Amino acid sequence: KAGVTQTPRYLIKTRGQQVTLSCSPISGHRSVSWYQQTPGQGLQFLFEYFSETQRNKGNFPGRFSGRQFSNSRSEMNVSTLELGDSALYLCASSSGTSGTYGNEQFFGPGTRLTVL
Amino acid sequence: AQTVTQSQPEMSVQEAETVTLSCTYDTSESDYYLFWYKQPPSRQMILVIRQEAYKQQNATENRFSVNFQKAAKSFSLKISDSQLGDAAMYFCAYRSALAGGTSYGKLTFGQGTILTVHP
């Protein structure tokens, strides 16, 4: 099976712009979670989608949004970019079902976003 | 809310030796999962080992094993016969086993421990 893919791998934007990141989960996985990784705050949960529905959301401002399509691919959008949004954005997929292996998350390589 | 603490920002080990990385967590839940992830310089997060809280037996995966102390809320990772390829940032992570609400899809991570392996 192919792993989790994320595009693009690198992005450079300026303050005030918006950005869209994409994540394709492992085939058959219906859950996609997004995380932000920064040196200062570490890894923080953004949100989780399952079957096109957002089931959980972390403590981030409304500028961070996401969606999931019927093929389970997910996108996250950040509007009105700020310097502090510079980070590695990771997505992870899982089957989304209960039980140990349903909870296991497989990560993509990440998108490195730099805001100038 | 759950928290995960890794008190060792950096650790080092000689090749072929054994090293233990520490992790403590705080939760009021009785059923949950604990994980150790490895993040090498490529930044790809890789699952190393998992532990179900309801299992008393410590998980092992080849050279990797854990010491899970539920009452103490401690979850350490032991790497035996360390190899150069083990050099990475290691993250301890918690996930609730409860269904619903703020549990869905959320891993809570520690701050990470950078492991250096010396030849």
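Couple of notes before you dig in:
- Percent antiparallel among DSSP beta bridges (both partners in chain B, rounded to 5): 85
- Mean partner shielding of peptide A:104-112, defined as the number of other chain Cβ atoms within 10 Å of each residue Cβ, is 4.
- Alpha-carbon Debye profile of the protein assembly as shown, log10 I(q)/I(0) at 0.10 Å⁻¹: -0.46
- Shown for the stretch A:37-78: residues covered by the partner protein chains by 50 Å² or more of accessible area relative to the chain by itself (probe radius 1.4 Å), namely A:GLN37, A:LEU43, A:ARG55, A:ASN56.
- Interface size A-B, as summed buried accessible area [1.4 Å probe, Å², nearest 100]: 2000
- Chain A: calculated mean residue ellipticity at 222 nm from DSSP helix runs of at least 4, using -39500 (n - 2.57): -500 deg cm²/dmol
- Note that chain A presents 45 Å² accessible area per residue, ligands and nucleic acids not counted, probe 1.4 Å.
- In chain A the longest region clear of GluC sites (Glu not before Pro) that are loop-assigned by DSSP and have at most 13 other C-beta atoms within 10 Å covers A:1-51.
- In range of the label at A:ARG73: residues from the stretch A:5-19 whose backbone nitrogen is under 13 Å from the point 7 Å along Cα→Cβ: A:5-8
- Extension gain from A:THR7 to A:GLN54, taking 0.36 nm per residue of separation minus the Cα-Cα distance: 14.8 nm
- Heavy-atom surface of chain B, accessible at 1.4 Å and reported per residue (Å²): 48
- Centroid-to-centroid separation of the stretch A:8-31 and the stretch B:61-80 [C-alpha atoms, Å]: 34
- The Kirkwood radius of the stretch A:1-69, taken over pairs of alpha-carbon atoms, gives through the Stokes-Einstein law at 10 °C and 1.306 mPa s a diffusion coefficient of 117 µm² s⁻¹.
- Chain B - percent relative contact order, Cα under 8 Å, separation 6 or more: 37
- For chain A, convex hull of alpha carbons as volume per residue, Å³: 96
- Remark on chain B: hydrodynamic radius 14.5 angstrom, per the Kirkwood mean of 1/r across alpha carbon pairs.
- Solvent-accessible area, 1.4 Å probe, carbon plus sulfur percent, for the stretch B:1-64: 43
- Cα-centre dipole for chain A with unit charges at Cβ (Lys and Arg positive, Asp and Glu negative), debye to 20: 160
The values are calculated or read from the model by the stated rules, or taken from the named source; none is laboratory data. The structure displayed is predicted, hence computed values, not measured ones. Here the Cβ is made from the backbone with ideal geometry for all residues, glycine too, and neighbour counts use every protein chain on show. Accessible surface areas use protein heavy atoms only, side chains included; no ligands, DNA or RNA. Shrake-Rupley method; radii C 1.70, N 1.55, O 1.52, S 1.80 Å.
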